[in-house]
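Working notes for the structure below.
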Amino acid sequence: MSLPNSHEALLRNRHLLRGRVALLGVTARALLTDLSVRGLAMSENAGVCAALAGQADWQIAFGYEDSALAEGAFDTLVVFLPKARAELDMRLALALSLAADGGRLVLLGEKKEGVAGAVKQLRAVAPQAVKVDSARHCQVWCADEIGGHARFVLANWLQWTAVECESVTLDVAGLPGIFSNGELDEGTRMLLQTLSSSPLRTSSLLDFACGAGVIGAWLSQWCRQHGKPPVTIDAVDVQSQALVCAGATYQRNGVSGSIMASDGLSEVAGQWPAIVTNPPFHSGVKTDLSMTERFLRDVAGHLSPGGELRLVANSFLPYEALIQRFVGPVERLREDRRFTVYRASRRA
């Protein structure tokens with residue numbers, strides 16, 4: 001399997017790597033095997049971390065709070081451009097906190113992903129940065145003498161947004177890079193509207209691809225306002241920032257439930273009477289249906305017999321036939337030109 005262009009560009013410039021190296025935002029295990037240096041590899045994706053695990057002489061860090069992220073311990077910090085530009089500032093701040101005195105910072109990213117614009121963010125914290133290469137449709141920038149910067153505290157990046165739907169208002173935590181940060185996306189809004197007009201009749205459920213925990217917090221508040229029995233909402237997501245935000249959102253809104261890291265349902269055990277989801281369909285800038293298709297193949301095994309799947313998706317996505325095939329009878333509960341909410345029952 002070919003490496004991402006940014007990883008190929010790093011291999012071309014491996015002479016820049018010295019001492020103990022930290023790779024922030026790595027996505028491919030093969031990069032670690034091709035590098036002669038050793039150190040730490042961080043990803044905010046649980047699936048990537050699972051794939052990276054076990055590589056000799058490399059520590060693997062999941063997200064921005066991993067205990068392996070030791071301040072001032074690394075001589076070279078490699079920052080791969082994240083999908084969300086807002087996350088780059090946070091990733092750079094982490095890199096600076098990890099740098100030893102006299103450390104080196106290397107930034108890599110593809111032109112189509114906006115690396116030219118990202119250079120302004122790099123120079124805001126490392127004005128001495130210079131471009132050292134253009135290769136594989138990427139740019140490579142380097143800055144020396146970056147040690148001695150402030151400690152990185154993820155909580156300082158946390159922001160709160162009040163969202164409202166169906167007369168229920170709740171506080172939602174947000175971090176750079178998280179889906180729909182600072183707002184309630186319209187797909188989730190439609191899903192919540194159906195949970196109000198056609199309530200789930202269950203005391204427990206699973207929120208798949210939970211993001212910042214909006215669905216669980218809203219449903220918990222809705223039950224309180226309507227005099228319904230309390231409901232336990234377990235949640236799962238692949239992204240470390242989402243798990244941090246969901247935990248904070250659950251705590252502030254008094255939600256009962258466990259929050260789990262998993263790539264799809266691979267690390268999830270158990271069955272629920274209902275599963276709700278607004279699943280992702282992008283990988284970077286490309287449409288990528290693979291996670292949702294894998295979820296639909298696996299979800300029946302996590303639904304109790306007769307259990308309900310409630311899913312919202314963009315109306316153009318071809319999910320109805322997959323739901324019918326892998327889960328059971330399906331209906332369109334609500335739809336417009338942009339979104340459709342599907343309700344399906346697991347076959348006995």
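The values are calculated or read from the model by the stated rules, or taken from the named source; none is laboratory data. As the structure is a prediction and not an experimental result, all values here were calculated from the model. Using ideal geometry, Cβ is built from the backbone for each residue, glycine included, and neighbour counts are taken over all protein chains shown. Calculation scope for accessible area: heavy atoms of the full protein, side chains included, ligands and nucleic acids excluded. Shrake-Rupley method; radii C 1.70, N 1.55, O 1.52, S 1.80 Å.
A few points about this structure:
- Of all accessible heavy-atom area on the stretch 301-348, the percent that carbon and sulfur account for (1.4 Å): 48
- Average accessible area per residue (Å²) across the stretch 234-320 - probe 1.4 Å, nucleic acids and ligands excluded: 39
- The trypsin sites (Lys or Arg not before Pro) of the stretch 313-344 that meet both conditions, a loop assignment by DSSP and at most 15 other Cβ atoms within 10 Å of the site Cβ, are R337, R338.
- Carbon + sulfur, % of accessible area of the stretch 109-229 - ligands and nucleic acids excluded, 1.4 Å: 46
- With every protein chain in place, the stretch 1-47: carbon and sulfur % of accessible area (1.4 Å): 48
- Here the simple spin-label model places points 7 Å from the Cα toward Cβ, and for S167 and K112 these points are separated by 4.9 nm.
- Note on Q193/W160: beta-carbon distance plugged into 1/(1 + (r/R0)^6) with R0 of 25 Å gives a FRET efficiency of 0.60.
- For the stretch 77-148, the set of GluC sites (Glu not before Pro) satisfying both a DSSP loop assignment and a count of at most 13 other C-beta atoms within 10 Å is given as E145.
- At an R0 of 41 angstrom, the distance between the Cβ atoms of R38 and Q251 translates into a FRET efficiency of 0.60.
- Note that the stretch 13-88 presents 39 Å² accessible area per residue, ligands and nucleic acids not counted, probe 1.4 Å.
- In a simple Cβ point-charge model (Lys, Arg +1; Asp, Glu -1; nothing else charged), the chain has a dipole of about 520 debye relative to its Cα centre.
- Residue among D101, D234, D34 with the largest mean-square fluctuation in a Gaussian network model of the chain, springs linking Cα atoms under 10 Å: D34
- Rounded to 5, the percent of DSSP beta bridges in the stretch 207-348 classed as antiparallel: 50
- The chain: calculated mean residue ellipticity at 222 nm from DSSP helix runs of at least 4, using -39500 (n - 2.57): -8500 deg cm²/dmol
- Heavy atoms of E65: accessible area, 1.4 Å probe, square angstrom to 10: 120
- Maximal additional length on extending the E145-R334 stretch stands at 62.4 nm, based on 0.36 nm per residue less the C-alpha distance.
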